[in-house]
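Undergrad: The following block contains the structure, expressed as structure tokens.
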Amino acid sequence: MGSPTELTTWQKLAEHKQEMAAVSMKSLFEADPSRAEKYTTQAAGWTLDYAKNRANEKTISLLTDLAKEAGLESAIKGMFSGAHINNTEDRSVLHIALRASQAQESLMVDGVNVLAEVRATLKQMEQFVAQLHSGEWKGYSGKTITDVVSIGIGGSYLGPKVVAEALTPYKKDNIKVHFVANIDGSDITGKLKQLNPETTVFVISSKTFGTLETLSNANAARDWFLSNGGTQENVSKHFAAVSSNVKKAVDFGMAKENIFPMWDWVGGRYSLWSAIGLPVAIAVGMDNFYALLDGAHQMDEHFRTAPFEENLPVIMGALGVWYINFHNAQTHALIPYDHYLRAMPAHIQQLDMESNGKANLLNGDGVETDTGPIIWGGAGTNGQHAYHQLLHQGTRLVPVDFIAPLASHNPIGEHHTQLFANCLSQSQALMVGKTLEQAEQELRDAGATAEQVAKIAPHKVIKGNRPSNTLLTDKMTPATVGALIALYEHRTFVQGTIWGINSFDQWGVELGKVLGTDIYNRLVSDSDNSALDASTQALINAFKKAQS
Ligand code: F6P
């Protein structure tokens, strides 16, 4: 496929943008009493209200047509059948296989039934988790394990960490799970201070087993273990790995039965459903991990089979394209009104920005449109007292997804009602805004003089007409959290397909890794740096001076 700008529907959307320029969301609600009902759709325990968008029936129809014209139907079929849709790495993209229904017996990819491998790994995880939870797994001195430290980075860290946190109410209290990612020594040092080597197991999560940060932290953990009573023979009782590089894990000291496989058809940022999710399974138990997978599978089935007009990932993805490419939106905010989901924007940021931060079409040509937006966000209501000012009155258009459960795990006092009220008030305020007349009247009612009204009122104007989606669920459970993350995975795929890019490689991160090794070598040697730019030379010198 070439540039999406060549698609007929793209041109129609450009014209439609002009038609919609003077149409406010408020007027769309006034003109159609059934708007809320019409622009609400459900799947896998989630209700999407997308009525507060700059969209009418023609917009949605054009956006779904765009998805069709861009080949989304066949792209979805390709993904679910194991076609090599990751064309630059010649790989299938099968995170959906990791959560396939037990009723499905096979999914043959390049002559291999990947479902058999997935299920064997789930069984291996079941045993590992059961041994830890029952206390059968003992440390080298015969003590029961109380702490598990997951060491990984990127996709081998953020998804499991965010999901484990989202499922806090489901945590088993006999084992604490910790996460270490950063190569900044403060991360692992802080964690190790709280731990006893006799009762701690480390899970080293790295698809490649070659990632600098993870290996440095794994080595630091092993050094700590060895210098605090452990021996090399006992490393296998305290270290497990999730990796496709079994040899490197064995060389590290892991027992083969404690190495969980990974496959090249799972991208790092899509891998929490594989054994990379082991820390989640340890934290909340295997039954809840299966429920998480099942929730994601429900969303997969919806994505695969629902008409585009009712399809949550398609609608959300296409609306994103509408704002990014036709309204020049540069960013997209995710604001969960759920404390346990507060880190979710960071996972979706990684998922989306590593997937769709691309400037080349599948055929290698440069793109002619903007692609992935900057994804950001944080917990409501906290953000209301921080960055929401810019959402309401700033010069930039920032489409927002509000995410909220109807019931809280901690229903104390009026907290949840207040939380929910705040969530709804934000999407409402973004849409309705405040006119100059309203601002003036408000000031007069408060007893302001005419002079004060004239001076202050313009600063109180909020233009409104700012779009948002609201995603509601009954309660945050393993199943609804699974479905939510799968929804965003597919939303990313929808956008990548419309833009004609490959959402599943990440070549852009490689240059920094290569240069990082080169700079490291320069920091620890007397190399001649005169060929480097003057800024980098000066920064290297500053570091060396501080070490001497
Ligand atoms: O540097 C990016 C990346 O390759 C991610 O895509 C990946 O999730 C992360 O590094 C960690 O990689 P690994 O699991 O191989 O350690």
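Undergrad: Under the condition of being β-branched (Val, Ile, Thr) and surrounded by 11 or more Cβ atoms within 10 Å (Cβ to Cβ), which residue from region 521-542 is nearest to the ligand (Cβ to nearest atom)?
TA: It comes out as Thr536.
Undergrad: Being within 13 Å of Ile335 (Cα to Cα) and among the hydroxyl-bearing types (Ser, Thr, Tyr) is the filter here; which residues of region 355-402 pass it?
TA: Hits for region 355-402 are Thr381, Tyr387.
Undergrad: Test of understanding: among Gly383, Gly372, which residue is in contact with a helix residue (DSSP H, G or I) (Cβ under 8 Å, 6 or more places away or on another chain) and within 30 Å of Ile462 (Cβ to Cβ)?
TA: None of the other options fit; the residue is Gly372.
Undergrad: Looking at the structure I just gave you, is Thr435 β-branched (Val, Ile, Thr), surrounded by fewer than 17 Cβ atoms within 10 Å (Cβ to Cβ) and in contact with a Gly (Cβ under 9 Å, 6 or more places away or on another chain)?
TA: Considered against the rule, which asks whether it is β-branched (Val, Ile, Thr), surrounded by fewer than 17 Cβ atoms within 10 Å (Cβ to Cβ) and in contact with a Gly (Cβ under 9 Å, 6 or more places away or on another chain), Thr435 comes out as yes.
Undergrad: Provide a single number: the residues in region 373-396 that are under 29 Å from Val321 (Cβ atoms), open to solvent by 30 Å² or more (accessible area, probe 1.4 Å) and part of a loop (DSSP other than H, G, I, E, B).
TA: 4
Undergrad: Being part of a loop (DSSP other than H, G, I, E, B) and within 16 Å of Thr211 (Cα to Cα) is the filter here; which residues of region 243-254 pass it?
TA: Answer for region 243-254, where residues must be part of a loop (DSSP other than H, G, I, E, B) and within 16 Å of Thr211 (Cα to Cα): Ser243, Ser244, Asn245.
Undergrad: Also: If Ala240 satisfies every condition in (1) more than 11 Å from the ligand (Cβ to nearest atom); (2) part of a helix (DSSP H, G or I) but one, which is the exception?
TA: Answer for Ala240: the failing condition is (2).
Undergrad: Would you check which residues across region 406-431 are surrounded by 12 or more Cβ atoms within 10 Å (Cβ to Cβ), of a type in the set (A, V, I, L, M) and touching a Lys or Arg at 6+ places or on another chain (Cβ under 6 Å) and list them?
TA: Hits for region 406-431 are Leu430, Met431.
Undergrad: Follow-up question, since we're still on this one. Among the residues of region 345-361 satisfying the criterion of being among the charged types (D, E, K, R) and in a helix (DSSP H, G or I), which is least open to solvent (accessible area, probe 1.4 Å)?
TA: My answer is Asp352.
Undergrad: Within region 46-85, can you find the residues that are open to solvent by less than 50 Å² (accessible area, probe 1.4 Å) and touching a strand residue (DSSP E or B) at 6+ places or on another chain (Cβ under 8 Å)?
TA: Answer for region 46-85, where residues must be open to solvent by less than 50 Å² (accessible area, probe 1.4 Å) and touching a strand residue (DSSP E or B) at 6+ places or on another chain (Cβ under 8 Å): Trp46, Thr47, Leu48, Asp49, Tyr50, Ala51, Lys52, Asn53, Gly82.
Undergrad: In region 252-270, what residues are more than 16 Å from the ligand (Cβ to nearest atom) and out of contact with any strand residue (DSSP E or B) (no Cβ under 7 Å at 6 or more places or on another chain)?
TA: Correct list: Ala255, Lys256, Glu257.
Undergrad: For a quick check of your reading: which helices (runs of 4 or more DSSP H) sit entirely within region 6-111 and have at least 2 residues that are under 29 Å from the mean Cα position of the chain (by Cα)?
TA: 8-20, 35-38, 57-69, 72-81
Undergrad: Select, from Asn356, Asn328, the only residue that is polar (S, T, N, Q) and at positive phi.
TA: The match here is Asn328.
Undergrad: Kindly indicate the residue of region 134-152 that is more than 16 Å from the ligand (Cβ to nearest atom) and under 30 Å from the mean Cα position of the chain (by Cα) and also nearest to Met353 (Cα to Cα) among those meeting that condition.
TA: That would be Val148.
Undergrad: Can you tell me how many residues within region 255-314 are part of a helix (DSSP H, G or I) and either surrounded by fewer than 24 Cβ atoms within 10 Å (Cβ to Cβ) or not basic (Lys, Arg) (or both)?
TA: Count: 41.
Undergrad: Could you tell me whether region 216-232 includes any residue that is under 17 Å from Ala97 (Cβ atoms) and within 16 Å of the ligand (Cβ to nearest atom)?
TA: Scanning region 216-232, I find no residue that is under 17 Å from Ala97 (Cβ atoms) and within 16 Å of the ligand (Cβ to nearest atom), so the answer is no.
Undergrad: Please work out which residue is nearest to Leu167 (Cα to Cα), limiting yourself to region 479-520 and to residues that are polar (S, T, N, Q) and within 16 Å of the ligand (Cβ to nearest atom).
TA: Selected residue: Thr492.
Undergrad: Look at Ala164 and say whether it is farther than 24 Å from Leu192 by Cβ and aliphatic (A, V, I, L, M).
TA: no
Undergrad: Pick from region 176-196 the residues that are open to solvent by 40 Å² or more (accessible area, probe 1.4 Å) and of a type outside the set (Ser, Thr, Tyr): which of them is nearest to Gly154 (Cα to Cα)?
TA: Looking at the filtered set, the residue picked out is Asn182.
Undergrad: For region 125-147, does any single residue satisfy the condition of being open to solvent by less than 40 Å² (accessible area, probe 1.4 Å), in contact with a Leu (Cβ under 9 Å, 6 or more places away or on another chain), of a type outside the set (Gly, Ala, Ser) and more than 30 Å from Phe80 (Cβ to Cβ)?
TA: Yes, region 125-147 has at least one match.
Undergrad: Looking at Ser150, is it surrounded by 20 or more Cβ atoms within 10 Å (Cβ to Cβ) and not basic (Lys, Arg)?
TA: The answer is yes for Ser150.
Undergrad: Go through region 153-211 and count every residue that is within 15 Å of the ligand (Cβ to nearest atom) and outside any helix (DSSP H, G or I).
TA: 17
Undergrad: Then there's this: Assess whether Gly364 counts as being without any contact (Cβ under 8 Å) to a residue 24 or more places away in the chain and either touching a strand residue (DSSP E or B) at 6+ places or on another chain (Cβ under 7 Å) or part of a loop (DSSP other than H, G, I, E, B) (or both).
TA: Judged against the criteria, Gly364 is a match.
Undergrad: Please enumerate the residues belonging to region 442-491 that are basic (Lys, Arg) and in contact (Cβ under 8 Å) with a residue 12 or more places away in the chain.
TA: Hits for region 442-491 are Lys460, Lys463, Arg466, Lys475, Arg491.
The values are calculated or read from the model by the stated rules, or taken from the named source; none is laboratory data. All values reported here derive from a predicted model rather than from experimental measurement. A quick note on method: Cβ atoms are made from the backbone with ideal geometry, for glycine too, and the neighbour counts reach across all protein chains shown. These area figures cover heavy atoms from the full protein model, side chains too; ligands, DNA and RNA do not enter into them. Shrake-Rupley method; radii C 1.70, N 1.55, O 1.52, S 1.80 Å.
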